[in-house]
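K.L.:
Okay, here's the structure, questions in a sec.
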Amino acid sequence: MKKLLIVLLLTSLLLTLSTTTLAQNTDFNPNEINTHSVITNPAELKKIVVNEDLDVPEGYKLVKVTTYSTSQSTPSFIENKNISSVKFFWGTNWSIRNKQCLGDYYFPNNELQSDWFDGPCDIEETYSESVSATFSTNAGISASSISAGIGFSVTDSTTKQKTFRTSVSAGKKLNVKVYGNYKKYTFDVYKNDKKDGTGTAYKPIGLYFRQFTYSR
C-alpha cells in the first residue's frame, strides 16, 4: 500500500511539472480576438514589425495585417466564484477558489504553423492543429485536482480545423501564422481552508490566424 501511495504521489508531481512550460511564456490578449480585423495604418504596422520582431523579406515592407479566430466567444467575460473542494486520497482538503476568466489569449512565440505564399496566387489551405491545455501554479496541488476544481482538463489536447481562402496579388508576399486560441483563467489554491498559492490555466477553444501582407 505504501509503495502504491509513493508511485501515485510521484506520478502526480511529474504531471504537474511537465505541463507548466507553455503557461510560463508571455501570452497576449489582442483586441476583439474573435472578430475579423484589418490593420493598414503605417504607424501601427511599424510598431508591429518592431514589437513582434517580424522577418520582413528583403526589398519588401509590411502593408497589411489581417487577424481572425475560429472562436466565437466574448473576450470581456469575467467569472468569479468559489469551486467545490477537491479531496486527495491521502486526506488533504484542497480547493480551487476565486476563479476568473480573463478572456481570449494566444502565445505569440508559439506558432503552430507559418506558411509563405508568393503572388500572384489563389490560396485554399486547410489547417488542422492540436491545441493543448496548460497551467502553472506555485502550490502543491496536482493537475488532476486543478482540473476537477476549475471545470476542464488542464492536460488534454483538442484538434481544431479551419479552411483558409484568399488571393495574393502580383508583387506581394503573404505570411500566414496560426496559433492556439485559449481562454485564460486565474485562481487561488486553498489547502485545509488556508490559501496555499495561486495559479493560471489556459483552455484551448480554437485557432487564431494572423496574416501579414508584404509589398515592394
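K.L.:
So what J values fall out for segment 169-185 if you push phi through Karplus, 6.51 cos²θ - 1.76 cosθ + 1.60 with θ = phi - 60°, rounded to Hz, Gly and Pro as x?
P.N.:
Once θ is set to phi - 60°, the couplings for segment 169-185 become 6, 4, x, 10, 10, 10, 10, 9, 10, 10, 10, x, 10, 10, 8, 9, 10 Hz.
K.L.:
Okay, moving on. In nm, give the distance between the simple-model label positions of N93 and D53, each being 7 Å from the Cα along the Cα-to-Cβ direction.
P.N.:
The two pseudo-label positions are separated by 4.8 nm.
K.L.:
A further question on this structure: Tally Lys/Arg at +1 and Asp/Glu at -1 over every other residue whose Cβ is under 14 Å from the Cβ of E44; what's the total? Write out the running numbers ahead of the final one.
P.N.:
Working: positive: K46, K47, K61, K64, R210; negative: E52.
Once positives and negatives cancel, what remains is +4.
K.L.:
Less than 17 Å apart at the alpha-carbon level, and either on another chain or at least 8 residues along: which aspartates and glutamates does that give for K46?
P.N.:
Of all the aspartates and glutamates, those that pass the test against K46 - Cα under 17 Å, at least 8 places apart if same chain - are D55, E58.
K.L.:
Here is a follow-up. For L207, which sequence-distant residues (separation of 5 or more, or a different chain) have an amide H within less than 5 Å of its own amide H, given hydrogens modelled in the peptide plane?
P.N.:
For L207, whose amide H was placed from the backbone, the distant partners under 5 Å are T70, S71, N181.
K.L.:
Can I ask one more? Quick one: how many lysine pairs does segment 136-212 have with C-alpha atoms less than 16 Å apart and a gap of 8 or more or different chains? Give me the count, please.
P.N.:
Details: K160/K177; K160/K183; K160/K203; K162/K177; K183/K203; K184/K203.
Close lysine pairs found across segment 136-212: 6.
Only the coordinates and a few stated rules stand behind these numbers; no lab work does. Just so it is clear, the model here is predicted, and its values are computed rather than measured. All Cβ positions, glycine included, derive from the backbone under ideal geometry; neighbour counts span all protein chains shown.
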